[in-house]
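The values are calculated or read from the model by the stated rules, or taken from the named source; none is laboratory data. Keep in mind that what you see is a predicted model, and the values were worked out from it rather than measured. Note: accessible area is taken over every heavy atom of the protein model, side chains too, but ligands, DNA and RNA are not part of it. Shrake-Rupley method; radii C 1.70, N 1.55, O 1.52, S 1.80 Å.
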Amino acid sequence: MKELKNEEIIRRYKECLDAGKTERECVRLAVRMAEEAGYTPLENNIKENRPLAAGDKVYATYNEKAMVMFHIGEEDFEKGMNILGAHVDSPRLDVKQNPLYEDSGMAYLDTHYYGGIKKYQWVTVPLALHGVIIRKDGTKVDVVIGEQDDDPVFAITDLLVHLSREQLEKKANKVIEGEKLDLLIGSTAVEGVENEAVKQNILNILKEKYDVAEDDFVSAELEVVPAGKARDMGMDRSMVMAYGQDDRICAFTSLMAILDIDTPKRTACCLLVDKEEIGSQGASGMQSRFFENTVAEVAALTGNPGDLSLRRALQNSRMLSSDVNAAYDPLFPEVFEKKNTAFLSRGLVFSKYTGSGGKSGSNDANAEYIAELRSIMDANDVKFQFAELGRVDAGGGGTIAWLMARYGMEVIDSGLAILCMHAPMEISSKADICQAVKGYRVFLTELK
């Protein structure tokens with residue numbers, strides 16, 4: 001298969017970020033890209049009891065929130081897979097189930113923040129509303145407001161500096177508290193309505209545009225995200241500034257890598273999951289059985305039925321837990337240990353361990369596995385670096401690596417360096433993005 005040129009990789013990457021601002025949008029986009037590359041739903045093989053053979057490409061999804069793809073290899077499936085695993089959820093604000101209210105002639109949506117955020121970063125910036133509303137009869141309404149040039153945007157207000165003497169004396173985590181992250185969405189009253197006339201106007205708009213009622217918020221998943229497209233950053237256009245690059249920079253580069261390979265020796269797998277930012281809980285998170293159950297179906301269709309074959313296939317697999325690392329920021333050198341820190345534009349980042357403090361919550365990859373990875377990356381001229389997530393006692397973080405390591409497979413964290421991680425807008429290096437696609441492709445095709 002012809003490899004993508006660097007310019008094409010960056011163009012596609014930015015388009016993916018613009019089209020995938022929620023986990024549902026990411027999975028829909030991944031399905032579309034996979035089907036264009038010849039992947040078919042695994043459920044078709046299951047229903048027809050149609051075996052899988054080398055060269056076959058299949059995918060499975062869970063409720064538009066998680067997805068796994070398999071490019072069946074030449075070797076017996078029981079010998080394991082080469083797996084790229086990333087998450088497609090990002091920090092954001094979720095609209096509550098009973099969100100709409102009016103106060104002093106203004107209408108708001110009440111929100112609950114999702115994942116680790118600095119709450120003060122989300123005020124006075126243009127925000128968009130993405131998600132789905134499921135009516136009581138089961139019909140679904142897709143919602144995207146704030147991304148087109150003629151769309152309205154939304155905002156969370158902040159206190160003017162002239163009256164902020166007490167506010168500015170608070171700790172940063174208290175300057176804006178969670179219950180003040182309410183989205184301002186309107187201020188026009190319906191004529192002739194005495195009570196909550198502004199709220200009624202919003203309900204009228206929702207009824208006219210989407211044919212939904214107020215109680216439909218109960219069965220909705222609406223996410224508040226920064227409005228606007230991914231942009232080139234810097235006078236030299238060497239960087240990308242956009243929302244959700246943690247961890248969609250790894251998800252989309254993994255996706256481009258697996259779509260860009262011929263039939264591999266070992267089965268290639270790309271896993272995109274939800275809920276990592278809140279501990280990988282839930283049916284679409286890595287702690288669920290979605291991945292394991294899907295692998296069991298593939299094992300059976302490749303002539304390896306039974307629990308023992310499933311366990312062997314998982315244990316014999318190799319994985320890159322593709323997640324971002326913190327890029328060194330010279331404005332905040334005190335939280336980094338420079339010898340063991342990731343830098344922008346120095347390629348793919350491998351982290352032997354993440355976690356916090358004394359490696360709590362870490363996978364801690366084996367040295368033998370790291371040596372194999374070094375060997376194939378060097379042999380294929382892939383730029384890479386090794387890094388920890390900041391100084392030992394400065395904080396820390398985790399990924400899905402430890403959850404996959406429970407199967408006995410070799411796993412290491414591998415992603416890209418990001419500036420301003422978890423901020424509404426994050427910064428990445430174009431050079432790193434291209435190296436990630438190259439490195440992930442090498443992993444899928446060269447690791448034995």
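According to the Cα gyration tensor, what semi-axes, each the square root of 5 times an eigenvalue, does the equivalent ellipsoid of the chain have, listed from largest to smallest in whole Å? Display every interim value, and only then the final one.
Numbers: eigenvalues 306, 151, 71 Å².
That gives 39, 27, 19 Å for the three semi-axes.
Under a 1.4 Å probe, what is the accessible area of the chain per residue, stated in Å²? Provide the component values of the computation, followed by the final result.
On the way: 20600 Å² over 448 residues.
With the other protein chains kept in place, the chain gives 46 Å² per residue.
Average projected area of the Cα convex hull of region 307-383, in nm²? Display every interim value, and only then the final one.
Working: hull surface 28.9 nm².
Seen from a random direction, the Cα hull of region 307-383 projects 7.2 nm² on average.
Residue by residue through region 391-406, what is 3J(HN,Hα) from phi via Karplus (6.51 cos²θ - 1.76 cosθ + 1.60, θ = phi - 60°)? Round to whole Hz and write x for glycine and proline.
Once θ is set to phi - 60°, the couplings for region 391-406 become 4, 3, 9, 7, x, x, x, x, 9, 8, 4, 5, 6, 6, 5, 4 Hz.
Considering the convex hull of the alpha carbon atoms of region 1-103, report its projected area averaged over all viewing directions, in nm², one decimal.
Values: hull surface 41.6 nm².
In nm², the orientation-averaged hull projection of region 1-103 is 10.4.
Taking all protein chains in place and a 1.4 Å probe, what share, in percent, of the accessible surface of region 165-205 do carbon and sulfur account for? Present the calculation step by step, with values, prior to reporting the outcome.
Working: 1330 of 2990 Å².
C and S atoms contribute 45 percent here.
If amide hydrogens are placed 1.01 Å from N in the peptide plane, which non-local residues have theirs closer than 5 Å to the one on Met239?
Counting only residues 5 or more places away or on other chains, the set is Met233, Lys430.
Translational diffusion coefficient, Stokes-Einstein: compute it for region 366-448 using the Kirkwood radius over C-alpha pairs as Rh, at 25 °C and 0.890 mPa s, and state it as an integer in µm² s⁻¹.
Working: Rh = 14.7 Å.
My calculation gives 167 µm²/s for D.
Ignoring everything except DSSP H segments at least 4 long, calculate the 222 nm mean residue ellipticity for the chain; use -39,500 (n - 2.57) per segment, divide by total residues, nearest 500.
Per the formula, -8500 deg cm²/dmol.
For each pair in Lys180/Lys207; Lys265/Lys448; Lys14/Lys430; Lys65/Lys118, compute the distance between the two Cα atoms and list the pairs where it is over 18 Å.
On the way: Lys180/Lys207 27 Å; Lys265/Lys448 8 Å; Lys14/Lys430 10 Å; Lys65/Lys118 25 Å.
With Cα atoms farther than 18 Å apart: Lys180/Lys207; Lys65/Lys118.
Using only the alpha carbons of region 241-317, what is the convex hull's orientation-averaged projected area in square nanometres?
Working: hull surface 26.2 nm².
Directional mean of the projected Cα hull area for region 241-317 stands at 6.5 nm².
So what are region 291-448's ellipsoid semi-axes, whole angstrom, largest first, if each one is the square root of 5 times an eigenvalue of the alpha-carbon gyration tensor? The partial results should precede the final answer.
Details: eigenvalues 182, 64, 39 Å².
In descending order the semi-axes read 30, 18, 14 Å.
Once the convex hull of the C-alpha atoms of region 99-255 is built, how many Å³ does it hold per residue, rounded to a whole number? The partial results should precede the final answer.
On the way: hull volume 28.0 nm³, N = 157.
Normalising the Cα hull of region 99-255 by residue number yields 178 Å³.
Taking all protein chains in place and a 1.4 Å probe, what share, in percent, of the accessible surface of region 17-164 do carbon and sulfur account for? Walk me through the numbers on the way to the answer.
Working: 3270 of 6630 Å².
The computed percentage sits at 49.
Just the number: Rg to Rh for region 47-146, Cα atoms, Kirkwood Rh, two decimals.
1.15
Which whole number in µm²/s is D for region 194-340 by Stokes-Einstein, with the Kirkwood Rh taken over Cα pairs at 37 °C and 0.692 mPa s?
Values: Rh = 20.7 Å.
My calculation gives 159 µm²/s for D.
Which aspartates and glutamates, on any chain, are close to Lys352 with Cα under 15 Å apart, when same-chain ones fewer than 8 places away are left out?
Asp323, Asp364, Glu368, Glu372, Glu388, Glu410, Asp413
Got a sec to turn the phi values of region 269-277 into Karplus ³J(HN,Hα) couplings, 6.51 cos²θ - 1.76 cosθ + 1.60 with θ = phi - 60°, whole Hz, x for Gly and Pro?
Taking θ as phi minus 60°, the curve returns 9, 10, 10, 10, 10, 10, 6, 4, 5 Hz for region 269-277.
Just the number, please: carbon plus sulfur as a percent of the accessible area of region 276-425, 1.4 Å probe, no ligands or DNA/RNA counted.
Values: 3250 of 6650 Å².
Of all accessible area on region 276-425, carbon and sulfur atoms account for 49 percent.
Starting from the Kirkwood Rh over alpha-carbon pairs, what translational D in µm² s⁻¹ does region 212-260 have by Stokes-Einstein at 20 °C and 1.002 mPa s? The partial results should precede the final answer.
Details: Rh = 14.0 Å.
In µm²/s, the coefficient is 153.
If you find the alpha carbon centre of region 178-197 and of region 287-314, how far apart are they in angstrom?
With region 178-197 and region 287-314 each reduced to a Cα centre, they are spaced 52 Å.
Any idea how far the Cα center of region 418-448 sits from the one of region 61-128, in Å?
So the separation of the two Cα centres works out to 19 Å.
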